[in-house]
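Right, one structure below, let's go through it.
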Amino acid sequence: MVSLFQDALIEHLQSIVNAREYFGELSTPEKPMLTKSDLPVVLVDFTGDRYVSPMQKENYFNLYVVHMTYSKNRKYRSDNEKSLLELMTQIDRHINLKQMEGFEEIRLDRLQKIYDAASDAGYLCVYMRSIRVVKDYMKEGC
């Protein structure tokens, strides 16, 4: 069930940005496992769940919004940051309160910058948007 939601979310995001499942590409931020053609990208990561009632489970995901400028030039870095902020606003509008795969509305939680640094390759910026979505099993007639 959760995997169907995750796949639907990725497909929905792909209409506005490159999106895919997170597989540890940012485990070493100094050497991200991404190519220029991937960027900007949203990496979707299921992080856990909890039962809020015997028939309702709240599922948690992180969306890693990643972009890199392959230049240390301040102007390019600033432009990159601005375009990333605009992209995050677009993503929020695109998914907030959206229903898919039999889950209730997507709820946006905290947005935070989790990485922001220059390296030999350029300037990497990563924001993490936490989201949650409830699955109500009573609606399925279980």
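Just so you know, all these numbers are worked out from the coordinates, no wet-lab data involved. Just so it is clear, the structure is predicted and the values come from calculations on it, not from any experiment. Because the Cβ atoms are built from the backbone with ideal geometry, glycine has one as well, and the counts that use them run over all protein chains shown.
Observations
- For the range 61-73, the condition holds for no residue, the condition being that it is among the charged types (D, E, K, R) and either surrounded by 14 or more Cβ atoms within 10 Å (Cβ to Cβ) or closer than 22 Å to residue 133 by Cα (or both).
- Exactly one residue out of 40, 54 is closer than 19 Å to residue 130 by Cα and of a type outside the set (Ser, Thr, Tyr), and it is 40.
- Just one of the listed residues (98, 72) is basic (Lys, Arg) and touching a strand residue (DSSP E or B) at 6+ places or on another chain (Cβ under 6 Å), and it is 72.
- Residues satisfying the stated conditions in the range 93-126, i.e. in contact with a helix residue (DSSP H, G or I) (Cβ under 8 Å, 6 or more places away or on another chain) and either among the acidic types (Asp, Glu) or farther than 20 Å from residue 75 by Cβ (or both): 94, 95, 98, 100, 101, 102, 103, 106, 108, 111
- Selection status of residue 135, surrounded by 12 or more Cβ atoms within 10 Å (Cβ to Cβ), in contact with a Gly (Cβ under 8 Å, 6 or more places away or on another chain) and not polar (S, T, N, Q): yes
- Selected residue [within 21 Å of residue 25 (Cα to Cα), in contact (Cβ under 8 Å) with a residue 60 or more places away in the chain and among the aliphatic types (A, V, I, L, M)] from 131, 95, 114: 131
- Looking only at the range 10-55, and only at residues there that are surrounded by fewer than 11 Cβ atoms within 10 Å (Cβ to Cβ) and touching a residue at least 40 places away in the same chain (Cβ under 8 Å), the one that is nearest to the chain's Cα centre (by Cα): 15
- Screening the candidates 109, 92, 79 for the property of being assigned to a strand (DSSP E or B) and surrounded by fewer than 16 Cβ atoms within 10 Å (Cβ to Cβ) yields one hit, 109.
- Search result, residues across the range 26-49 that are part of a loop (DSSP other than H, G, I, E, B) and hydroxyl-bearing (Ser, Thr, Tyr): 27, 28, 35
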